[in-house]
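Inspection log for the structure reproduced underneath, given as structure tokens.
The values are calculated or read from the model by the stated rules, or taken from the named source; none is laboratory data. All values reported here derive from a predicted model rather than from experimental measurement. FYI the Cβ positions are ideal-geometry reconstructions off the backbone, even for glycines, and counts take in every protein chain you see.
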Number of protein chains: 2
Amino acid sequence: MSHAFAFERVGIVGLGLMGGSLARGLRVLDNGPRIVAFNRHREDAERALADGVIDAVASTAVEAVEGQDLVVYATPLDVVREMMEAHSEGWGDATVTDVAGLKGPLLRDTAELGFAAQFVGSHPMAGGTATGYESSSADLFSGETVFVCGGEADSERIGAVQSMWQSMGARVRPIDADAHDRLMVWASHLPQLISNVVARAMAEAGLSVKDLGPGGRDLTRLAESSPAMWSSLLDEASEENIRAIESVQSGLDVLREALSERSLDEVAELMRTTREWRKEQ
Amino acid sequence: MSHAFAFERVGIVGLGLMGGSLARGLRVLDNGPRIVAFNRHREDAERALADGVIDAVASTAVEAVEGQDLVVYATPLDVVREMMEAHSEGWGDATVTDVAGLKGPLLRDTAELGFAAQFVGSHPMAGGTATGYESSSADLFSGETVFVCGGEADSERIGAVQSMWQSMGARVRPIDADAHDRLMVWASHLPQLISNVVARAMAEAGLSVKDLGPGGRDLTRLAESSPAMWSSLLDEASEENIRAIESVQSGLDVLREALSERSLDEVAELMRTTREWRKEQ
């Protein structure tokens, strides 16, 4: 498969950590595309222009998506949905993708809009708790997994979106949208919510972050994540999220009972099992 | 305060991650002490001798503790307790310390043995999930907190143990043993157990570690910890551990209810609160 870059003109909506890193990653490619970007806070888009990371600042989101080969929405899920509905007539023949954490709602939306053939959903499993253009970097996606949900899109467009991510060093993983969304509840939403709840318990017990060692810091790191991007993800996937929370609760019941009965062998067995799971690659 | 090294002869029992790192850290000091060490697997002690990290291999634990200025037990809590009972007659005038995760039981044991004046408990909040001499390093303690519980010990001995940790770049935090042990349940045991339980839930849902992004990997990292050191810690502190688990369970109840009622504002409020807690330093 050729890695020649398939898109000459790219429009990015949202120049935060994801959109900014995408622009930077595309910018350092040989024969990279011309990039136009819109950002809600215009200062960051102006800064990206001054940094040479983009070629032009769009004054509106619509302006950023018109006349492009590739349109990328790099905003929270609910904003992607609103914008897609407002913008689709302006896409022309562009391939459209995004970086949100759930893919089913977007594939259904674009099908309803009559643009299923043009939309290829992306979800890069990259980034930490930092947010904003100032945290963006050209190698954010390097070595990380990017899920690609082609759905009903033309296979050429799917291949082109996959190549784009691969050109930035990402490992592309094609997946069905529903399977992706269920997986994310367990792999991404659950760790996020657990980190928040454990941080809450520590705070209520009177601890501060400086009381933690490396392990406690790791476990509560996600509690620093931005609440803004999470609301729409949790709203869409709340039933599977409840199942995941209940699964952890039942694990905690088992553990609590083992500790009250001083069945340390049972606790050790849990630890051995999960240690083996962690070490399998 | 002078940082001149107070101990000329140090005996270390256990050359794993902690004992090995301590030996390495002392070895690189100007005017560092002569170090004798015992390790259950003699090969690692021989390797440390060949590496120049220690000066002599002891054939038995007793041999390592006799005739020293400082004795350090770097083994799991239950092993420290057994050895202290068996060894105390051989300590002479040595100052005795350890690196275990709970301090109350050891202060009570040494008081019963009649050695309260000589025992200064230490707990370095350092290291990750790696174990063994092969993972040890001279800068393991650098920048990390070491709790020091002096109890009834002579103040000169407390000062000398504190200076030893400071000489390796650690931030010493003097603390009452009971306060330390309660703190550790929330700061250290709870994250460990949560990581195991979340890993179990993910495994049961059919996930593997390669399905995780950076956040999910952080949250399940502790599930790789060695079960061996945990049993005695959990056994000693099981009541406070049960309270900590119950606190997380009640947080999960709140979250589950908010998600089933689609009260996303409540979830966002939890996220904002814990984010602020995480960012306070």
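Right, B:Leu140: closer than 18 Å to B:Glu240 by Cα, of a type outside the set (Phe, Trp, Tyr), buried (at least 20 other Cβ atoms within 10 Å of the Cβ) and in the same structural domain as B:His87 (by TED's automatic domain parsing) or not?
Details: closer than 18 Å to B:Glu240 by Cα: no; of a type outside the set (Phe, Trp, Tyr): yes; buried (at least 20 other Cβ atoms within 10 Å of the Cβ): yes; in the same structural domain as B:His87 (by TED's automatic domain parsing): yes.
In short, no.
Suppose we filter B:Asp181, B:Asp176 for residues that are more than 7 Å from chain A (Cβ to nearest Cβ) and buried (at least 22 other Cβ atoms within 10 Å of the Cβ); which single one remains? Step through it out loud before you land on a result.
Values: B:Asp176 fails: buried (at least 22 other Cβ atoms within 10 Å of the Cβ).
The conditions single out B:Asp181.
What's the number of the condition A:Thr220 fails, among (1) crowded, with 16+ Cβ neighbours inside 10 Å; (2) more than 21 Å from B:Ala199 (Cα to Cα)?
With respect to (1) crowded, with 16+ Cβ neighbours inside 10 Å; (2) more than 21 Å from B:Ala199 (Cα to Cα), A:Thr220 is out only on (2).
Name the residues in the stretch B:252-272 that are more than 7 Å from chain A (Cβ to nearest Cβ) and either acidic (Asp, Glu) or assigned to a helix (DSSP H, G or I) (or both), would you?
Step one: filter the stretch B:252-272 for residues more than 7 Å from chain A (Cβ to nearest Cβ), giving B:253-254, B:257-258, B:261, B:263, B:265-266, B:269.
Answer for the stretch B:252-272, where residues must be more than 7 Å from chain A (Cβ to nearest Cβ) and either acidic (Asp, Glu) or assigned to a helix (DSSP H, G or I) (or both): B:Asp253, B:Val254, B:Glu257, B:Ala258, B:Glu261, B:Asp265, B:Glu266, B:Glu269.
Among the residues of the stretch B:190-224, write down those that are outside any helix (DSSP H, G or I) and at the interface with chain A (Cβ under 7 Å from one of its Cβ atoms). Before you say what the answer is, go through the steps one by one.
Step one: list which residues in the stretch B:190-224 are outside any helix (DSSP H, G or I), which gives B:205-208, B:212-213.
The answer is B:Ala205, B:Leu207, B:Ser208, B:Leu212, B:Gly213.
Listed residues A:Ala203, A:Ala170, A:Ala258; which is farther than 17 Å from A:Gly104 by Cα, assigned by TED's automatic domain parsing to the domain that holds A:Cys149 and crowded, with 18+ Cβ neighbours inside 10 Å? Spell out the reasoning first.
Numbers: A:Ala203 fails: assigned by TED's automatic domain parsing to the domain that holds A:Cys149; A:Ala258 fails: assigned by TED's automatic domain parsing to the domain that holds A:Cys149.
Answer to the check: A:Ala170.
Among the residues of the stretch A:62-85 satisfying the criterion of being under 18 Å from the mean Cα position of the chain (by Cα) and not in a helix (DSSP H, G or I), which is surrounded by the fewest Cβ atoms within 10 Å (Cβ to Cβ)?
A:Pro76
Please find, within the stretch A:235-251, the residue that is nearest to A:Arg108 (Cα to Cα) out of those that are within 7 Å of chain B (Cβ to nearest Cβ) and modelled with pLDDT under 90.
Ranking the qualifying residues of the stretch A:235-251, first place goes to A:Asp235.
Picking from B:Ser59, B:Ser21, B:Ser88, which residue would you name as being part of a helix (DSSP H, G or I), surrounded by fewer than 21 Cβ atoms within 10 Å (Cβ to Cβ) and either of a type in the set (Gly, Ala, Ser) or on the phi > 0 side of the Ramachandran plot (or both)?
Values: B:Ser59 fails: part of a helix (DSSP H, G or I); B:Ser21 fails: surrounded by fewer than 21 Cβ atoms within 10 Å (Cβ to Cβ).
Result of the check over B:Ser59, B:Ser21, B:Ser88: B:Ser88.
In the stretch A:142-189, which residues are of a type outside the set (A, V, I, L, M) and in a strand (DSSP E or B)?
Just the residues of the stretch A:142-189 that are of a type outside the set (A, V, I, L, M), to begin with: A:142-145, A:147, A:149-152, A:154-157, A:159, A:162-163, A:165-167, A:169, A:171, A:173-174, A:176, A:178, A:180-182, A:186, A:188-189.
Within the stretch A:142-189, A:Thr145, A:Phe147, A:Cys149, A:Arg171, A:Arg173, A:Pro174 qualify.
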